[in-house]
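One structure is given here, and the rest of the page talks about it.
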Amino acid sequence: AQTVTQSQPEMSVQEAETVTLSCTYDTSENNYYLFWYKQPPSRQMILVIRQEAYKQQNATENRFSVNFQKAAKSFSLKISDSQLGDTAMYFCAFLTNRDDKIIFGKGTRLHILP
Amino acid sequence: ETGVTQSPTHLIKTRGQQVTLRCSSQSGHNTVSWYQQALGQGPQFIFQYYREEENGRGNFPPRFSGLQFPNYSSELNVNALELDDSALYLCASSLVGAGETQYFGPGTRLLVL
């Protein structure tokens with residue numbers, strides 16, 4: 001079975017600090033895609049960053065970067081210079097070439113404190 | 001570019017009733033996926049539609065059904081509502097193809113009493 005595990009239900013950091021959210025996944029597939037989605041209180045699920053498993057280089061999007069360790073099946077998200085607007089639920093998610101259903105973790109609730 | 005839209009935003013139904021939720025896909029996208037997100041949980045895949053046909057289904061009973069229209073918009077229908085159907089229902093659109101990113105709408109919050 002394919003699963004995504006986020007071991008941190010909730011985290012709080014001060015504004016401008018760096019925070020890392022953890023994610024591990026399990027699959028027997030070799031070709032897949034990993035995502036971090038952000039869901040603020042407005043409920044809209046917003047794509048933060050995407051990583052193709054065949055790419056060794058870690059994806060970055062401005063203040064957001066990932067540490068993708070394929071052998072360890074680990075996909076953590078680092079948020080640098082955190083801002084109040086980063087307060088949200090963050091979901092790690094996984095998609096294979098075999099089908100188009102995204103498998104989500106249970107999420108990490110992140111609070112950025114002023 | 002128009003994003004994914006969903007209607008209604010909120011809905012209250014009673015057990016046993018039927019409900020229809022609607023989704024308009026992002027401009028240029030031909031595939032629509034539906035997810036159920038229970039409170040405090042990650043979204044769970046219900047099904048996906050491509051070219052007006054179901055293109056994959058999650059572990060949901062047949063009383064969850066859908067449609068896709070020629071303009072790629074979609075409906076999710078749930079019959080014989082149960083209390084556990086109370087959730088946020090998310091629609092996501094994408095292009096067809098392996099690994100295409102899915103873009104989500106704001107969701108419909110359904111409460112079943």
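Checking each residue in region A:1-45 for being in a loop (DSSP other than H, G, I, E, B) and polar (S, T, N, Q) picks out A:GLN2, A:GLN6, A:SER7, A:GLN8, A:THR18, A:SER22, A:THR27, A:SER28, A:ASN30, A:ASN31, A:SER42, A:GLN44.
When B:TYR49, B:TYR35 are checked against the criterion of being modelled with pLDDT of 90 or more, part of a strand (DSSP E or B) and within 30 Å of A:PRO9 (Cα to Cα), a single residue qualifies: B:TYR35. Within the set A:ALA53, A:ALA71, the sole residue that is modelled with pLDDT under 95, among the hydrophobic types (A, V, I, L, M, F, W, C) and surrounded by fewer than 15 Cβ atoms within 10 Å (Cβ to Cβ) turns out to be A:ALA71. No other residue among B:GLN44, B:GLN17 is in contact with a strand residue (DSSP E or B) (Cβ under 6 Å, 6 or more places away or on another chain), polar (S, T, N, Q) and either within 14 Å of chain A (Cβ to nearest Cβ) or farther than 19 Å from A:LEU95 by Cβ (or both) apart from B:GLN44. Name the residue, out of A:ILE79, A:ILE102, A:ILE46, that is over 15 Å from A:SER22 (Cα atoms), surrounded by 22 or more Cβ atoms within 10 Å (Cβ to Cβ) and of a type in the set (A, V, I, L, M, F, W, C). Answer to the check: A:ILE102. Does B:ARG57 count as surrounded by fewer than 18 Cβ atoms within 10 Å (Cβ to Cβ), at the interface with chain A (Cβ under 10 Å from one of its Cβ atoms), within 25 Å of A:GLY105 (Cα to Cα) and touching a residue at least 24 places away in the same chain (Cβ under 8 Å)? Considered against the rule, which asks whether it is surrounded by fewer than 18 Cβ atoms within 10 Å (Cβ to Cβ), at the interface with chain A (Cβ under 10 Å from one of its Cβ atoms), within 25 Å of A:GLY105 (Cα to Cα) and touching a residue at least 24 places away in the same chain (Cβ under 8 Å), B:ARG57 comes out as no. For B:PHE69, indicate whether it is surrounded by fewer than 21 Cβ atoms within 10 Å (Cβ to Cβ) and of a type outside the set (Val, Ile, Thr). Yes.
Taking the criterion of being small (Gly, Ala, Ser), within 10 Å of chain A (Cβ to nearest Cβ) and either touching a His at 6+ places or on another chain (Cβ under 8 Å) or part of a strand (DSSP E or B) (or both), the residues of region B:75-113 that qualify are B:ALA92, B:SER94.
Answer yes if at least one residue in region A:23-38 is touching a helix residue (DSSP H, G or I) at 6+ places or on another chain (Cβ under 9 Å), crowded, with 20+ Cβ neighbours inside 10 Å and within 11 Å of chain B (Cβ to nearest Cβ), and no otherwise. Yes.
The values are calculated or read from the model by the stated rules, or taken from the named source; none is laboratory data. Note that this is a predicted model, so its numbers are computed, not measured. Cβ sites come from the backbone with ideal geometry, for glycine too, and all protein chains shown count toward neighbours.
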